[in-house]
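The values are calculated or read from the model by the stated rules, or taken from the named source; none is laboratory data. Just so it is clear, the structure is predicted and the values come from calculations on it, not from any experiment. Here the Cβ positions follow ideal geometry from the backbone for every residue, glycine too, while neighbour counts run over all protein chains shown. Surface accessibility is based on the protein's heavy atoms, side chains included, excluding ligands, DNA and RNA. Shrake-Rupley method; radii C 1.70, N 1.55, O 1.52, S 1.80 Å.
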Amino acid sequence: MGVKRPGNSQGLSPSALRDKRARDKAMAMTDDRKKKKAENQRIGQRSDSDLHHASSGTVRRTSIAYNRATAGKELNEKGRHS
């Protein structure tokens, strides 16, 4: 296991980190993600809420806790959601 450092919080090995960054960039550059990013910029992101893209294609402003699926979930002994 690699060392946990800024930019490598999962402690990935150098080759795994390089592969993950390539996958993440490829996903971020898909037409669907580009459209969602542009739409978020038009709507205006705020620090107190998230914009949730529903499967129906609509966008709604939601609380950060709800959109990141943390509302009502308990943390386990490692501080992770179960």
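Residues 9, 47, sorted by accessible area with the largest first, give 47, 9 [1.4 Å probe; ligands and nucleic acids excluded]. Rounded to the nearest whole Hz, the Karplus-based 3J(HN,Hα) values (6.51 cos²θ - 1.76 cosθ + 1.60, θ = phi - 60°) of segment 56-65 follow the sequence 6, x, 7, 10, 9, 7, 10, 5, 4, 4, with x at glycine and proline. The largest accessible area among 35, 20 belongs to the first residue in 35, 20, and the rest follow in falling order (1.4 Å probe, all chains).
Taking all protein chains as they are arranged and a probe of 1.4 Å, the heavy atoms of residue 43 leave approximately 80 Å² accessible to solvent. The residues packed around residue 7, meaning those with a beta-carbon under 15 Å from its beta-carbon, carry a net charge of +4 if Lys and Arg are +1 and Asp and Glu are -1.
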